1. Once you keep just the Cα pairs under 8 angstrom separated by 6 or more residues, what percentage relative contact order results for the chain?
2. Classify region 1-74 as rounded, prolate or oblate, taking a ≥ b ≥ c as the square roots of the eigenvalues of its Cα gyration tensor: rounded when a/c is under 1.5, otherwise prolate if a/b is larger than b/c and oblate if not.
3. Shape of region 62-108 from its Cα gyration tensor (a ≥ b ≥ c, root eigenvalues): rounded if a/c is under 1.5, otherwise prolate when a/b > b/c, or oblate?
4. Would you work out which of A77, S16, Y47 lies farthest towards the positive end of the dipole of the chain? Charges go on Cβ: Lys and Arg +1, Asp and Glu -1.
5. At 7 Å along Cα-to-Cβ for each site, give me the label-to-label distance between Y3 and L39 in nm.
6. What does the charge dipole of the chain about its Cα centre add up to, to the nearest 20 debye, if the Cβ of each Lys and Arg holds +1 and the Cβ of each Asp and Glu holds -1?
7. How would Y47, Y3, Y53, Y103 line up by accessible area, probe 1.4 Å, largest first?
8. Would you mind checking region 69-84 for residues with the amide N under 19 Å from a putative spin-label position 7 Å along Cα→C-beta of K107?
Amino acid sequence: MAYAGIVAVFLGITVSAISARFFKRMGTAIVPFDEATTLVKSGFYRYSRNPMYLGMFMMLSGAGFLMGSVGALFPIAIFILIIRNNFVLAEERFLEACFGRQYLEYKSTTRRWL
């Protein structure tokens, strides 16, 4: 179980870091709700509209596996609800307002998570 945890933490860090680098490379804000100048659709964003959050989920899951307790995984559900309700849904409205049809097309072809 520990190896699975190490792999999940490493993959989560990798996915989040590469996804953040795509934002930086495209010259758009990484911080939620800061001015978005470009709709990033490449890299992991081809497969998920939220790869940075997925990376965080993988890191938390890996940490739970490393702790060796199923109970350590329960807070992940709370994390997902908080991220979805306080960030993802609002970010989707924000991006639709910023990019209009372009975002709606992206949203229709790319899943929210996986």
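The values are calculated or read from the model by the stated rules, or taken from the named source; none is laboratory data. What you see is a predicted model, and the numbers here were worked out from it, not measured in a lab. Counting neighbours? That spans all protein chains shown, and the Cβs are built from the backbone with ideal geometry, glycine included. The protein model used for the area step is the full one, side chains on, heavy atoms only, and it has no ligands, DNA or RNA in it. Shrake-Rupley method; radii C 1.70, N 1.55, O 1.52, S 1.80 Å.
1. RCO, the chain: 36 percent.
2. Prolate shape, in that a/c is at least 1.5 and a/b is the bigger ratio.
3. Since a/c reaches 1.5 and a/b is larger than b/c, the shape of region 62-108 is classed as prolate.
4. Most positive-ward Cα: Y47.
5. 4.3
6. Magnitude of the dipole: close to 300 debye.
7. Y3, Y47, Y53, Y103
8. 83-84
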